[in-house]
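Inspection log for the structure reproduced underneath, given as structure tokens.
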Amino acid sequence: MMNLRLLQLGDSALPIGGYSQSWGLEAAIERGPVRDAANLESWARSFLREVLGPLEGVVVGAVVRSPKCAVDANRLLWASLSPPTLRNASRDMGGQLLSLAATWEWAAACGLAFAGSHANAKPQAVGVFTQWHHAVVFGCLAAAAGATPRDAITLYLHQAALGVISAGVRGVPIGHTHGQQILTRLHDDIAELAEKLYDKPLETAGSNCPAYEILCHEQSRLYTRIFRS
């Protein structure tokens, strides 16, 4: 039976602010590395393989396997997402997804779990752990929806790929047909990453892409911007 809860969680139209983010792509378009559909495909593939998968993909899988590690996962993301644009986008999307999920009857237990973690937090940590990153909230909701870690990572990466491609369609710009062709060619990459990452321990999560982080920093300095990050 198809998991409709998981399909809803992976809907690119969820009103959580993803549409307003470019994940560094706008700066790459402005600076020159991304100019056409071929460049966008290469960028999206590298983003999935070198940035998102090794960090947030591992976090999603770990949280689905054990939602009790959500606090540790959230702490890790606060430390690992160094560009403020990325860190703030992840925090904002996590908060908006949590608020949206509060209206879903099947996800009510997740809200209670996050509230409980606030109550148990040390006073100096309350400010951090009342702000949840997107990958952590997504992982907890995927677990509540009955997803396997492999399926949850697949969905998370697919949703992210859609976001980057959508930003490219508007920013390069390219046609929607080209965008769908790029997504199709990324399917094997997404499946391979999900198979590679679904059982990785939380402590192995991390990525090291200085050039990408520099572009994310530059995003806020662009003279004109379509996207927030």
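The values are calculated or read from the model by the stated rules, or taken from the named source; none is laboratory data. On a predicted model such as this, the values are computed, not experimentally measured, just so you know. Here Cβ is always computed from backbone atoms with ideal geometry, including for glycine, and neighbour counts include all displayed protein chains. These area figures cover heavy atoms from the full protein model, side chains too; ligands, DNA and RNA do not enter into them. Shrake-Rupley method; radii C 1.70, N 1.55, O 1.52, S 1.80 Å.
Note on segment 73-105: residues that are out of contact with any helix residue (DSSP H, G or I) (no Cβ under 6 Å at 6 or more places or on another chain) and of a type outside the set (S, T, N, Q) amount to 14. Considered as a group, the residues in segment 31-43 that are within 30 Å of Ala79 (Cβ to Cβ) and outside any helix (DSSP H, G or I) include one that is least open to solvent (accessible area, probe 1.4 Å), and that residue is Val34. Those helices (runs of 4 or more DSSP H) of segment 44-111 in which 1 or more residues are of a type outside the set (A, V, I, L, M), in contact with a Lys or Arg (Cβ under 9 Å, 6 or more places away or on another chain) and open to solvent by 10 Å² or more (accessible area, probe 1.4 Å) occupy 70-80, 84-101.
Residues in segment 1-30 that are in contact with a Cys (Cβ under 9 Å, 6 or more places away or on another chain) and part of a helix (DSSP H, G or I): Ala27 only. In segment 148-157 there is no residue that is in contact with a Pro (Cβ under 9 Å, 6 or more places away or on another chain), closer than 25 Å to Cys110 by Cβ and modelled with pLDDT of 95 or more.
Tally up the residues in segment 184-216 that are within 15 Å of Leu55 (Cα to Cα), of a type outside the set (D, E, K, R) and not in a loop (DSSP other than H, G, I, E, B), please. So the answer is 8.
Listed here are the residues, each with its yes/no results for (1) among the hydroxyl-bearing types (Ser, Thr, Tyr); (2) within 20 Å of Arg87 (Cα to Cα); (3) at pLDDT 90 or above.
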{"site": "Met2", "(1), (2), (3)": "no, no, no"}
{"site": "Ile16", "(1), (2), (3)": "no, yes, yes"}
{"site": "Ser20", "(1), (2), (3)": "yes, yes, no"}
{"site": "Arg35", "(1), (2), (3)": "no, no, yes"}
{"site": "Ala38", "(1), (2), (3)": "no, no, yes"}
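Considering segment 165-178, and only residues there that are touching a residue at least 40 places away in the same chain (Cβ under 8 Å) and part of a helix (DSSP H, G or I), the residue that is surrounded by the fewest Cβ atoms within 10 Å (Cβ to Cβ) turns out to be Arg170.
All of Leu197, Leu157, Leu162, Leu222 fail the test of being surrounded by fewer than 17 Cβ atoms within 10 Å (Cβ to Cβ) and touching a residue at least 40 places away in the same chain (Cβ under 8 Å), apart from Leu222. Being in contact with a Gly (Cβ under 6 Å, 6 or more places away or on another chain) and under 25 Å from Ala144 (Cβ atoms), is that true of even one residue in segment 2-13? Within segment 2-13, none of the residues are in contact with a Gly (Cβ under 6 Å, 6 or more places away or on another chain) and under 25 Å from Ala144 (Cβ atoms).
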